[in-house]
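Chemist: Can you keep this structure in mind? I'll have questions shortly.
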């Protein structure tokens, strides 16, 4: 068995990381935003109808907002990548010798000798000049550009799934247990999403989980206190 059997190679990695990133961010935002909303409302009233209305409004509005934001952001990134590819293609057409010299220089800067760098540049240019320049100069794979629809769909679905957790946690228990159950469910879910996001990014799961749990806990506490204050003073 090879030492690299578990590693990902080839086209499609960028796409998978793109929708995984959008999915984790969407789930995290769904959990925190809807949980903060319903906990704040629960601090002011025990009405199940009010909690359901607020939760559903937050879920639908948040899912659409997340999807739109991801679509616009990733579309801009994709447009930039396409513009860079077109520019590189034109440079290869109009000044191939200068591009070959540039590719040789880039490989030399990576530690190859002048002779080896020139030979590698020549062979890669003969095989696929555009792909070689895009990879070395820009880190772009023209066959694996980010897809805004994938990111938007992943973000919307994950936001919805994340939002369902606090919505169910606030509605299903008896009124006196709603806020504690929601706090507990949300903090556990945030710890899990933090660990998943850290694994995707290759960082430490514990640190990421602690950050999310602290941030989410503060958000819940703040909205609950505001809701309680408004409810006890008779403003709502």
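Each row is one residue, and each column tells you yes or no for (1) modelled with pLDDT of 85 or more; (2) out of contact with any helix residue (DSSP H, G or I) (no Cβ under 6 Å at 6 or more places or on another chain); (3) not in a helix (DSSP H, G or I).
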{"position": "122", "(1), (2), (3)": "yes, yes, no"}
{"position": "137", "(1), (2), (3)": "no, yes, no"}
{"position": "141", "(1), (2), (3)": "no, yes, yes"}
{"position": "159", "(1), (2), (3)": "yes, no, no"}
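Chemist: In segment 193-200, is there at least one residue being assigned to a helix (DSSP H, G or I), closer than 27 Å to residue 72 by Cβ and free of Cβ contacts under 8 Å to residues at least 12 places away in the same chain?
Modeler: Yes, the conditions are met somewhere in segment 193-200.
Chemist: Next up: Taking the conditions exactly as written (part of a helix (DSSP H, G or I) and surrounded by 14 or more Cβ atoms within 10 Å (Cβ to Cβ)), does residue 103 satisfy them or not?
Modeler: Working: part of a helix (DSSP H, G or I): yes; surrounded by 14 or more Cβ atoms within 10 Å (Cβ to Cβ): yes.
Considered against the rule, which asks whether it is part of a helix (DSSP H, G or I) and surrounded by 14 or more Cβ atoms within 10 Å (Cβ to Cβ), residue 103 comes out as yes.
Chemist: Which one of these is without any contact (Cβ under 8 Å) to a residue 24 or more places away in the chain and closer than 22 Å to residue 62 by Cα: 112, 206, 167, 218? Please lay out each step first, then the result.
Modeler: On the way: 112 fails: closer than 22 Å to residue 62 by Cα; 206 fails: closer than 22 Å to residue 62 by Cα; 167 fails: without any contact (Cβ under 8 Å) to a residue 24 or more places away in the chain.
Result: 218 is the single residue among 112, 206, 167, 218 that is without any contact (Cβ under 8 Å) to a residue 24 or more places away in the chain and closer than 22 Å to residue 62 by Cα.
Chemist: Let me ask another. Just a yes or no: is a residue in segment 145-152 closer than 30 Å to residue 98 by Cβ, at pLDDT below 90, over 19 Å from the mean Cα position of the chain (by Cα) and surrounded by 15 or more Cβ atoms within 10 Å (Cβ to Cβ)? Don't jump to the end; show me each part of the working.
Modeler: To start, the set of residues in segment 145-152 that are closer than 30 Å to residue 98 by Cβ comprises 145-146.
Narrowing the set further to residues that are at pLDDT below 90 leaves 145-146.
Next, only the ones that are over 19 Å from the mean Cα position of the chain (by Cα) stay: none.
Looking for residues that are closer than 30 Å to residue 98 by Cβ, at pLDDT below 90, over 19 Å from the mean Cα position of the chain (by Cα) and surrounded by 15 or more Cβ atoms within 10 Å (Cβ to Cβ), one finds none in segment 145-152, hence no.
Chemist: What single numbered condition from (1) closer than 30 Å to residue 29 by Cβ; (2) touching a residue at least 24 places away in the same chain (Cβ under 8 Å) fails to hold for residue 79?
Modeler: Of (1) closer than 30 Å to residue 29 by Cβ; (2) touching a residue at least 24 places away in the same chain (Cβ under 8 Å), only one is false for residue 79: (2).
Chemist: Regarding segment 59-71, can at least one residue be identified that is within 17 Å of residue 172 (Cβ to Cβ), at pLDDT 90 or above and in a helix (DSSP H, G or I)?
Modeler: yes
Chemist: Only one of these is within 28 Å of the chain's Cα centre (by Cα), buried (at least 20 other Cβ atoms within 10 Å of the Cβ), touching a residue at least 60 places away in the same chain (Cβ under 8 Å) and in a helix (DSSP H, G or I): 52, 25. Name it.
Modeler: Numbers: 52 fails: buried (at least 20 other Cβ atoms within 10 Å of the Cβ).
Matching residue, one of 52, 25: 25.
Chemist: Still on this model: Would you mention how many residues in segment 161-195 are under 15 Å from the mean Cα position of the chain (by Cα) and buried (at least 18 other Cβ atoms within 10 Å of the Cβ)?
Modeler: Of the residues in that region, 4 qualify.
Chemist: Can you tell me which residue among 186, 146 is within 19 Å of residue 57 (Cα to Cα) and either in contact (Cβ under 8 Å) with a residue 60 or more places away in the chain or not in a helix (DSSP H, G or I) (or both)? Let's see the steps before the verdict.
Modeler: Details: 146 fails: within 19 Å of residue 57 (Cα to Cα).
It is 186.
The values are calculated or read from the model by the stated rules, or taken from the named source; none is laboratory data. Note that this is a predicted model, so its numbers are computed, not measured. When we count neighbours, we look across all protein chains shown, and the Cβ atoms used for this are built from the backbone with ideal geometry, even at glycine.
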